Amino acid sequence: MTTLSISRQLLAEIVTHCREVYPCEACGILAGKNNVVQKIYRMTNIEKSGVSYFMDPKEQFAVMKEMREEGLEMTAVYHSHPHADACPSQKDVSLAFYDDAYYLIVSLIHESPLIKAFTIKEGMVKEVEIVT
Amino acid sequence: MAVKVRIPTPLQKLTNGQDEVETEAGTVMSLINNLDKQFPGIGERISEGGKVRRFINIYLNDEDIRFLRNEETEIKDGDEVSIVPAIAGG
Ligand SMILES: [Zn+2]
């Protein structure tokens, strides 16, 4: 079984980002190698919405170039659900083009943030264990 | 010389795992058509009805073609084109 490995410190940074842009959705890229996250990139949600996100294409292009130059992979993509639970929405599933990356979702509807990770391949969603 | 095209990971299944391929100069749309001849099926993943799909971003060198001339943007030998699916959801 595959797992996603990420430090508590990086998870805390993700949560901080999600809280900062609340009530809008936050989004970002987690760079790493062999399913281990090494670096977080906060990205701009150009839709500035609480129910959708669209990563700023220019920022995304720049980050992908930087990852390539540093020999890192796009291990995961994260975004927040300010008003929904930590599972992929229909829109998340239909727009999950990067099927070799993990999709990490942070739900802010609970007393403490709930974080879950998934693989989304051809419409099939599978939860993946997060190892800290 | 030719045009270098960067293929995103989700489309590398169609290019036999290659992350970079070469094709001929021309407009963005003719480049997509040429790619589809080399790698059948890739065209419809990038465009639909002569237009680049909404959730696909294409860069000529470092510039988004939407800020150039879109599908009509001219690509010359030696240029680098990047195909980058958007990251979006709800
Ligand atoms: Zn979502």
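Where a number appears in this text, it was derived from the coordinates with a stated rule and is not lab data. Model, not experiment: these values are computed from the prediction. Reconstructed Cβ throughout: ideal geometry from the backbone, glycine too, with neighbour counts over all protein chains shown.
Show me the trypsin sites (Lys or Arg not before Pro) within the stretch B:13-90 that DSSP assigns to loop and that have at most 10 other Cβ atoms within 10 Å of their Cβ. Before the final figure, lay out the partial values.
Values: sites: B:13, B:37, B:45, B:51, B:53, B:54, B:66, B:69, B:76; in loops: B:13, B:53, B:54, B:69, B:76.
Loop-located and lightly packed - B:54, B:76.
Straight-line cross-link partners of residue B:37 among the lysines, defined as a Cα under 23 Å from its Cα and at least 8 positions apart when in the same chain: B:4, B:13, B:51, B:76.
On the beta carbon distance between residue B:2 and residue A:100, with R0 = 22 Å, the FRET formula returns roughly 0.20. Calculated on the alpha-carbon coordinates, the convex hull of the stretch B:3-85 measures out at 77 cubic angstrom per residue. Would you look at the GNM of chain B, springs on alpha carbons closer than 10 Å, and say which of B:43, B:26, B:78 moves the most? Greatest mean-square fluctuation among the candidates belongs to B:78.
The H on the amide N of residue B:53, modeled in the peptide plane, is under 5 Å from the matching H of B:47, B:48, each at least 5 residues off or on a different chain.
Assign unit charges at the C-beta atoms only (+1 for Lys and Arg, -1 for Asp and Glu), then state the dipole size of chain A relative to its Cα centre in Debye, rounded to the nearest 20. Please report the intermediate quantities before stating the final value.
Numbers: 13 positive and 18 negative charges, 22 e Å.
Result for chain A is approximately 100 debye, rounded to the nearest 20.
Within the stretch A:41-121, the GluC sites (Glu not before Pro) that combine a DSSP coil assignment with at most 13 other C-beta atoms in a 10 angstrom radius are A:70, A:111.
Candidate cross-link partners of residue A:39 among the lysines, defined by an alpha-carbon separation under 17 Å and a same-chain spacing of 8 or more, comprise A:65. Anisotropy class assigned to the stretch A:3-131 is rounded, per the alpha carbon gyration tensor with a/c under the 1.5 cut-off.
Given the protein assembly as shown, what percent of its DSSP beta bridges are antiparallel, to the nearest 5? Numbers along the way, then the final one.
Values: 41 of 54 bridges.
In the protein assembly as shown, approximately 75 percent of DSSP beta bridges are antiparallel ones.
Summarising the strand pairing of the stretch B:3-85, around 85 percent of its internal DSSP beta bridges are antiparallel. Across peptide B:55-64, the average count of Cβ atoms from other chains found within 10 Å of a residue's Cβ is 3.
For residue A:91, a cut-off of 20 angstrom between C-alpha atoms picks up these lysines, skipping any fewer than 8 places away in its own chain: A:48, A:116, A:121, A:126.
How many partner chain Cβ atoms sit within 10 Å of a residue's Cβ in peptide A:49-62, on average, as a whole number? Present the calculation step by step, with values, prior to reporting the outcome.
Details: counts 1, 0, 1, 3, 4, 6, 5, 2, 11, 6, 0, 6, 7, 1.
Across A:49-62, the average partner-chain Cβ count within 10 Å equals 4.
What share of Cα pairs, in percent, lie more than 29 angstrom apart in the protein assembly as shown? Percentage above 29 Å: 28. Under the combined filter of DSSP loop state and at most 16 neighbouring Cβ atoms within 10 Å, the stretch A:47-84 retains these trypsin sites (Lys or Arg not before Pro): A:48.
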